Every structure is written in structure tokens, then in C-alpha cells.
Amino acid sequence: MIDTHAHLLKEFYDNIEETINNSKINNILHIINCADSLSSSYETLQLSKQYKNFVLPAIGIHPNNIKDNWKEEINEIEILIKKEKPIAIGETGLDYYHNKENKIEQIELFKSQINLSKKYNLPILIHSREATKDTLDILKETKPIGIIHCFSGSLETAKEYIKLGLYLGIGGVITFKNSKLPEVIKEIPLENIVLETDCPFLTPHPHRGKQNSPSYIYLIAERIAQIKNISIEEVIKQTSNNAKDIFKI
Ligand code: NI
């Protein structure tokens with residue numbers, strides 16, 4: 001299994017080594033470890049050197065971490081792309097839930113990272129919270145390849161993203177009791193889905209409330225198998241192939 005979206009960063013974990021070793025024991029093949037800022041971009045690049053071919057780094061700046069000097073930071077991200085060859089750009093995107101006062105800057109920051117993803121032919125990991133319309137408009141205009149991380153929207157929105165060639169990242173939300181996501185995912189082909197934990201956030205049921213880990217990917221696979229009435233092996237095989245295609249691994 002591949003966790004296409006984790007945040008194994010010091011700010012969230014004091015047991016990164018243990019978490020990674022447990023993931024290996026629990027049949028995880030690769031972890032895409034996503035930065036959310038310039039400093040965590042350095043951190044995930046460093047960790048990926050320590051766990052070569054296992055922890056794969058995505059670097060970028062999350063909309064919640066915009067600083068006044070973000071343009072300089074993006075220049076530095078580009079230098080890191082050239083030098084360190086990360087596997088993807090992200091996590092980035094739009095978040096109007098946390099802040100809608102700085103929409104214009106968020107859009108500029110997002111677009112600058114889409115440019116990098118296209119320039120260096122890397123997939124982009126997209127966060128979109130209460131910003132579906134702007135996200136879709138930008139993606140229709142720019143057409144990057146990548147993943148809509150932690151997708152939890154409507155069937156209509158899912159179809160729009162898929163039409164653009166994007167994949168839906170499905171995580172712990174699908175295991176939550178009152179989630180409407182199962183109804184949507186029932187209608188979406190496995191060919192358009194990848195699995196992710198977004199750890200340390202969104203810990204799947206029945207571990208909700210505890211620290212999340214890439215090891216819990218199987219709970220998400222299991223739930224999708226249940227919803228689609230197919231085997232868990234089939235879910236794992238297809239979604240892993242999708243991830244391998246996207247990240248060229
Ligand atoms: Ni995330």
C-alpha cells in the first residue's frame with residue numbers, strides 16, 4: 001500500500017522513526033511525505049535521504065502558511081526542486097475556511113506552485129477548503145496533473161476534477177460515521193482514486209482521536225472495498241497502480 005499524503009514532521013510527531021518502522025511492518029511500500037512550508041520542505045527532503053525510496057518528499061507552501069516574503073520562498077522552493085528532485089509539489093491550494101481575507105495572495109501562491117509543477121513535470125497535491133469554485137476555475141485554466149487531497153465534495157465536483165485528469169485522494173473521512181463521502185465514492189471508478197492518511201490529522205475509525213499513521217491506510221482501503229462491494233486486494237492493487245503512475249515510482 002502507498003500512503004500518498006502524510007505529514008511526518010517534527011511539528012506533529014516526536015516518534016517519526018517508530019512511525020516509519022511500523023509502517024514498513026504494516027505493508028506500506030512508500031509514504032509521500034508532504035511539506036506545508038519552506039522549513040518543512042527542507043525537513044521532508046532530509047527525512048527522505050534517511051529513508052531512501054521509502055519516504056518520498058513533496059515540497060511546497062500551504063495556503064495557511066503564507067508569509068509576506070512568499071515570493072522569495074517560492075524562489076527557494078524552485079532551487080530545491082532543481083537540486084533535490086522531490087517527487088511532487090505540495091501541499092498547496094486554497095483555504096477560505098481559515099482565511100478569506102487574503103484570497104488574492106492565496107491564489108497567486110497556488111498558481112506559482114502550479115507553474116513549478118508544470119515546468120518541472122511534477123504532480124501537485126492540492127488542498128481545497130471552502131474554495132471549490134476558485135480551485136476548479138484555476139485548475140481548468142492551468143491544467144496541472146496531480147491529486148485533490150482529502151477530497152470530500154459532491155459527486156458533481158468529483159466528476160469535474162476527474163474530467164481534468166486529476167485523481168481524488170481519499171482518506172479517513174470515508175470511515176467516519178456521518179460522512180456523505182461513501183455515497184459519492186460508490187459512483188467513482190477506482191481508476192480515479194488514491195489512498196492517503198493525511199496523518200497526523202483525520203485518523204480513521206476506529207482509531208479516531210488517537211495519533212494517525214500511514215499504517216492505517218488499510219482501514220481506508222477496507223471501507224472503499226465495503227462501499228463498492230469488491231475485495232480489499234482489488235482496491236489496494238488499483239489505487240497503488242494509480243499512485244505509481246502519478247508519482248512515476
Ligand atoms: Ni495534508
Under unit Cβ charges (Lys, Arg +1; Asp, Glu -1), what dipole magnitude, rounded to 20 debye, does the chain have relative to its Cα centre? 540
Please build a GNM for the chain, connecting alpha carbons under 10 Å apart, and tell me which residue among Leu202, Leu139, Leu166 fluctuates the most. Leu139
Quick check: net charge around Gly169, other residues with Cβ under 13 Å of its Cβ, Lys/Arg +1 and Asp/Glu -1? -4
Run the numbers for Lys210 and Glu84: contour at 0.36 nm per residue of separation, minus the present Cα-Cα distance, in nm. 42.0 nm
Which semi-axis lengths, in whole Å and largest first, follow from the square roots of five times the eigenvalues of the Cα gyration tensor of the chain? 26, 22, 16
Find the relative contact order for the chain and round it to a whole percent, using C-alpha pairs within less than 8 Å whose residues are 6+ positions apart. 18
Among 69-75, 211-217, how do they line up by average Cβ neighbours within 10 Å per residue, starting with the highest? 211-217, 69-75
Just how far, in whole angstrom, is region 43-70 from region 156-207 if you go by their alpha carbon centroids? 23
Efficiency of FRET from Cβ geometry, Ile249 and Asn115, R₀ 30 Å, rounded to 0.05: 0.80
Where labels lie 7 Å past Cα in the beta-carbon direction, separation of Glu11 and Gln50 in nm: 1.8
Pairs of alpha-carbon atoms within less than 8 angstrom and 6+ residues apart define the contacts here; what relative contact order does region 39-162 have, in percent? 22
Do any trypsin sites (Lys or Arg not before Pro) in region 123-226 lie in a DSSP loop with no more than 15 other beta carbon atoms within 10 Å, and if so, which? Lys177, Lys180, Lys186, Arg208, Lys210
Please list, by residue number, every one of the GluC sites (Glu not before Pro) in region 167-249 that is coil in DSSP and has at most 13 other beta-carbon atoms within 10 Å. Glu187
The answer for the net charge of residues other than Glu141 whose Cβ lies under 15 angstrom from its Cβ, with Lys and Arg +1 and Asp and Glu -1, is +2
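A short reminder: the numbers here are calculations on the coordinates, not readings from a lab. Values in this document were obtained by computation on a predicted structure and should not be read as measured data. Virtual Cβ from ideal backbone geometry, glycine too; neighbours counted across all protein chains shown.
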